[in-house]
Amino acid sequence: SNIPFYLVSSGLLCNMVLDPLLIFGVDGLFDGLGTRGAAIATWLSQGFVVLLFVWQLRKKNAILSHFPFLIRLQSKPTRRIFRIGLPVALMNLFFALINSTLARIASVYGGHLGISTQTTGGQIEGITWNTSQGFGTALSSFVAQNYAANRMDRAQKAYRYTLSVMFLLGIVVTISFLFFGEQIFGIIIPEYEARIAGGNYLFIIGFSQIFMMVELTTQGMFNGMGRTLPPAMVSIVFNLARIPLAVVLASRMGINGVWWAIAISSIIKGMILFVWLNLDFLRKK
């Protein structure tokens, strides 16, 4: 996992350099392009990362040297790739669409503060979200190796260890969000009204952090066993439930109702997926 980290980080650095150059321009050389410049900077940076990956696969990696990018598809592995990958792809697609819908609801009940709170608060929540996804990916790889070797005892032990690490981080983040939400949000947007709104968001979302981390860790366990459908089903169903729940709660509680809809659904998803996995283990015993 260190190779993608280095290559993607190179693309991010490239974007950081190109953004101000193309947005504002350089005196005497070329005028700034504004929003178009930001888009072009992103395009160039992502293209740069693709070229780095091609170079890594074709030249640098001894195991994958002369990696063929164009091949004739074979039915059996292609079907298996679709069976495993399609639920995850649909889950992420629905998540993006649902998030956009929630942003619209947030704008209706919270105006510009609702949008900025959801956007910035979501970035701050990435402390737990992205960490859980990283550890979930590592767990998925480890479980896949041991699942193929018929060593599920080691896979279950890795799952417990990963949950323990995520639980400790979740406690720290939960306490931080519950008691220091305004101060944390104020680091990003110091304006008084935004800080208050952001503090409310982090306080409410704080109750769901541990459950969200359990969900993402358990997703990694399921994915490692090649069973991507259960976590995708749970995610899609309860993420969709956020929309009517957000409308109902927001009509009574204002913008905070939207945040409670997100928190409640996250808590339910984490509990259901954890119970589902453990019932599977009991049945196999």
Electrostatic dipole magnitude of the chain [Cβ: Lys, Arg +1; Asp, Glu -1; Cα centre; debye, to 20]: 1740 debye
- prompt: To the nearest 500 deg cm²/dmol, what mean residue ellipticity at 222 nm is calculated for the chain from DSSP H runs of n ≥ 4 alone, each contributing -39,500 (n - 2.57), summed and divided by the residues?
  reply: -30000 deg cm²/dmol
- line: Here the relative contact order (percent) of segment 105-191, from C-alpha pairs under 8 Å and at least 6 apart, is 27 percent
message: Amide H of GLY25 versus every other amide H placed in the peptide plane: which residues, excluding those fewer than 5 positions away on the same chain, fall under 5 Å?
response: GLY32, LEU33
- request: Calculate one ³J(HN,Hα) per residue across segment 106-122 by plugging θ = phi - 60° into the Karplus curve 6.51 cos²θ - 1.76 cosθ + 1.60, and present them in order as whole Hz with x for glycine and proline.
  value: 4, 5, 5, 9, x, x, 5, 5, x, 5, 5, 5, 5, 5, 5, x, x
task: Determine the shape class of the chain: with a ≥ b ≥ c the square roots of the Cα gyration tensor eigenvalues, call it rounded for a/c under 1.5, and otherwise prolate if a/b is greater than b/c, oblate otherwise.
output: oblate
task: Under 14 Å from the Cβ of PHE94, count the other residues' Cβ atoms, weight Lys and Arg +1, Asp and Glu -1, and hand me the total.
output: +2
query: What number, in percent, do you get for the relative contact order of the chain if the mean sequence gap of Cα pairs under 8 Å and at least 6 apart is divided by its residue count?
result: 18 percent
- prompt: Residues of segment 25-111: accessible area per residue at 1.4 Å, in Å²?
  reply: 78 Å²
- prompt: Using θ = phi - 60° and the Karplus curve 6.51 cos²θ - 1.76 cosθ + 1.60, what whole-Hz ³J(HN,Hα) does each residue of segment 268-273 get, with Gly and Pro shown as x?
  reply: 5, 4, x, 5, 5, 5
statement: With a 1.4 angstrom probe the carbon and sulfur portion of accessible area for segment 79-128, in percent, totals 68 percent
message: I want to check a number: in the chain, how many lysine pairs have alpha carbons closer than 25 Å, given a sequence separation of 8 or more or different chains?
response: 5
task: Using a 1.4 angstrom probe on heavy atoms only, work out the carbon and sulfur share of the accessible area of segment 145-225 in %.
output: 64 percent
message: Over 10 Å intervals from 0, what percent of Cα-Cα pairs in segment 30-150 sits in each interval?
response: 10, 17, 36, 24, 11, 2, 0
message: Keeping every protein chain present and rolling a 1.4 Å probe, give me the accessible area per residue for segment 177-229 in Å².
response: 40 Å²
- request: Rounded to whole Hz and in sequence order, give me ³J(HN,Hα) for segment 180-186 from the Karplus expression 6.51 cos²θ - 1.76 cosθ + 1.60, θ = phi - 60°, writing x for Gly and Pro.
  value: 10, x, 4, 5, 5, 5, x
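The values are calculated or read from the model by the stated rules, or taken from the named source; none is laboratory data. Being a predicted model, the structure only gives us computed values, none of them experimental. No Cβ is skipped: glycine too gets one built from the backbone with ideal geometry, and neighbour counts run over all protein chains shown. These area figures cover heavy atoms from the full protein model, side chains too; ligands, DNA and RNA do not enter into them. Shrake-Rupley method; radii C 1.70, N 1.55, O 1.52, S 1.80 Å.
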